[in-house]
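Visitor: Input: one structure, supplied below.
The values are calculated or read from the model by the stated rules, or taken from the named source; none is laboratory data. Because the structure is a prediction, the values reported are computed rather than measured. Cβ placement follows ideal geometry from the backbone for every residue including glycine, while neighbour counts extend to all protein chains displayed. Areas reflect the complete protein model, heavy atoms only, side chains present, ligands, DNA and RNA absent. Shrake-Rupley method; radii C 1.70, N 1.55, O 1.52, S 1.80 Å.
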Amino acid sequence: MPVLYSDICIIGAGPAGAATSLFLAKLGIPHLILDAATFPRDKVCGDGLDLKVFRASRHLDPDIVEDEIPANPDFLPAWGARFITPNGISCDYEYQPRNGEPPYPLFWTAKRLHFDHFLVQKIDPRFADFRPGVRVVQITRDGRRWRLKTQSAQGEQEMGCSLLIGADGDRSVVLQHLGERKIDRRHYAGTLRQYWKGVAGIHPKNLIEVYFPPGLPLSYLYIFPLPNGEANVGYGMVSEVAARGNHRLRVIFQRLLNEDPVLGPRFAGAVPVEQPVGWGLPLASRRRRAFGDGYLLVGDAASLICPTTGEGIGTGMMSGYIAAHFARKALIARRFDAEMFRFYDREIYRRLGTEIRQYHILRRILPWSWY
């Protein structure tokens, strides 16, 4: 079977990979995009969409923010945030647009099942050869090009490219090929997610909630309201803290929901929709090198999750925007060496610098005192 070649190949069609594809298409650049899954598919996440998501979306098309999302029943507006201290005191911030400001909420929530599919449906077939259900099983370097061995329902196929963009998450096959699939517990968090229905005490304006439980540093439990009376409830802790304290996240999570004096009463009449599901978060505080000869990394594959909030959708889409523009420059120059991408990390981390500095402060003080 002949090798299918494209100058650019994206592996992964989550928000980071889909955004990279959409921005490449907006620049008129043909490319190949592969994903092992078929959409719609679930992804463990907090399901919160912050301002970074909408800045990136507005760069794609203002109609996404102004018309499409507000009219979509799979998205729920959240008009602010509620922080709950270890002693049970709540602090609400409810956003009120000022005169002349557009009447948009601070946040939206949507299940990744729906949001990722929403983005994937926008992939432009004029420029993107999108192949879902195609798993990359082997990557080799052939001179200045990459060779990919793939498997799908149609069998095996070889593909090739000059620029490989790794958008396939924390368990990235690109990272595995580079020998960089390593976990640094200081810059990694373990998380759980569980969908619930009927959680009591949800704010009428769907404020997203963050609770800092007593005696559990560098961790928080969140409640994010969703459409149809559901909520995404989760708990996360920095992996180094969990390992040192021998904390078992599932035990803590169940204890908080069942016995905590602040949370317990709110879940007494609620119904879980699923069993708790675990996942790992590679934090941006690691400052992973996200480029090299013939490759760029975006999203979780580049360890770009905001270390203070655990948010990764917006930073992933932001990195897709940056990667697309670096890819354009490389194509014009017909150069895909590491020197061509030497400022890529700078452009990513200057947008995350504040959060990274705050995370290092949090590691030295009680986390709730900063909040």
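Visitor: So which pairs qualify, if the first residue must be in region 300-326 and more than 10 Å from Pro282 (Cβ to Cβ), the second must be assigned to a loop (DSSP other than H, G, I, E, B) and acidic (Asp, Glu), the Cβ gap must be under 6 Å, and the two must be at least 6 apart or on different chains?
Guide: Going by the 6 Å Cβ cut-off, the qualifying pairs are Glu311/Asp50; Gly314/Asp50.
Residue-by-condition table, conditions (1) surrounded by fewer than 18 Cβ atoms within 10 Å (Cβ to Cβ); (2) modelled with pLDDT under 95; (3) more than 24 Å from Tyr235 (Cβ to Cβ); (4) out of contact with any His (no Cβ under 7 Å at 6 or more places or on another chain):
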position: Ile11; (1), (2), (3), (4): no, no, yes, yes
position: Lys26; (1), (2), (3), (4): yes, no, yes, yes
position: Arg58; (1), (2), (3), (4): yes, no, yes, yes
position: Gln96; (1), (2), (3), (4): yes, yes, yes, yes
position: Gly100; (1), (2), (3), (4): yes, yes, yes, yes
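Visitor: Inspect all residues belonging to region 300-320 and state whether any of them is under 16 Å from the mean Cα position of the chain (by Cα), at pLDDT 95 or above, charged (D, E, K, R) and assigned to a helix (DSSP H, G or I).
Guide: Yes, some residue in region 300-320 is under 16 Å from the mean Cα position of the chain (by Cα), at pLDDT 95 or above, charged (D, E, K, R) and assigned to a helix (DSSP H, G or I).
Visitor: Can you tell me which residue within region 275-290, out of those that are part of a strand (DSSP E or B) and open to solvent by 20 Å² or more (accessible area, probe 1.4 Å), is nearest to Phe23 (Cα to Cα)? If you could, list the steps in order and put the result at the bottom.
Guide: So the first thing to find is which residues in region 275-290 are part of a strand (DSSP E or B), and the list is 277-283.
With the extra rule that they be open to solvent by 20 Å² or more (accessible area, probe 1.4 Å), the set shrinks to 277-279, 281.
Numbers: Val277: 32, Gly278: 31, Trp279: 28, Leu281: 25 Å.
Checking each candidate, the answer is Leu281.
Visitor: Let me ask another. Regarding Ala19, is this residue open to solvent by less than 10 Å² (accessible area, probe 1.4 Å), within 12 Å of Leu119 (Cβ to Cβ) and not β-branched (Val, Ile, Thr)?
Guide: Details: open to solvent by less than 10 Å² (accessible area, probe 1.4 Å): yes; within 12 Å of Leu119 (Cβ to Cβ): yes; not β-branched (Val, Ile, Thr): yes.
Yes: the conditions hold for Ala19.
Visitor: Working only within region 123-166, note down all residues that are surrounded by 16 or more Cβ atoms within 10 Å (Cβ to Cβ), out of contact with any helix residue (DSSP H, G or I) (no Cβ under 6 Å at 6 or more places or on another chain) and either without any contact (Cβ under 8 Å) to a residue 24 or more places away in the chain or in a loop (DSSP other than H, G, I, E, B) (or both).
Guide: Matches in region 123-166: Val134 only.
Visitor: Is it the case that Val137 is among the β-branched types (Val, Ile, Thr) and more than 21 Å from the chain's Cα centre (by Cα)?
Guide: Numbers: among the β-branched types (Val, Ile, Thr): yes; more than 21 Å from the chain's Cα centre (by Cα): yes.
In short, yes.
Visitor: Consider only pairs whose beta carbons are under 8 Å apart and that are at least six residues apart or on different chains; among these, list those whose first residue lies in region 330-357 and is free of Cβ contacts under 8 Å to residues at least 24 places away in the same chain and whose second residue is loosely packed, with under 11 Cβ neighbours inside 10 Å.
Guide: As it stands, the answer is Met340/Ala333, since those pairs meet every condition given.
Visitor: Quick one: would you say Gly80 is under 18 Å from Ile208 (Cβ atoms) and either in contact with an Asp or Glu (Cβ under 9 Å, 6 or more places away or on another chain) or modelled with pLDDT of 95 or more (or both)?
Guide: On the way: under 18 Å from Ile208 (Cβ atoms): yes; either in contact with an Asp or Glu (Cβ under 9 Å, 6 or more places away or on another chain) or modelled with pLDDT of 95 or more (or both): yes.
So Gly80 fits the description; yes.
Visitor: Can I ask one more? Examine region 71-82 for a residue that is open to solvent by 40 Å² or more (accessible area, probe 1.4 Å), small (Gly, Ala, Ser) and more than 18 Å from the chain's Cα centre (by Cα), and state whether such a residue exists. Explain how you work it out, then say what you get.
Guide: Residues of region 71-82 that are open to solvent by 40 Å² or more (accessible area, probe 1.4 Å), as a first pass: 71, 73-74, 79.
Still in the list and also small (Gly, Ala, Ser): 71.
Keeping just the survivors that are more than 18 Å from the chain's Cα centre (by Cα) gives 71.
For region 71-82, residues open to solvent by 40 Å² or more (accessible area, probe 1.4 Å), small (Gly, Ala, Ser) and more than 18 Å from the chain's Cα centre (by Cα): present.
Visitor: Restricting attention to region 28-49, which residues are in contact with a Gly (Cβ under 8 Å, 6 or more places away or on another chain), charged (D, E, K, R) and open to solvent by less than 30 Å² (accessible area, probe 1.4 Å)?
Guide: Of all residues in region 28-49, those in contact with a Gly (Cβ under 8 Å, 6 or more places away or on another chain) come to 33-38, 43-46, 49.
Within this subset, residues satisfying the condition of being charged (D, E, K, R) are 35, 43.
Correct list: Asp35 only.
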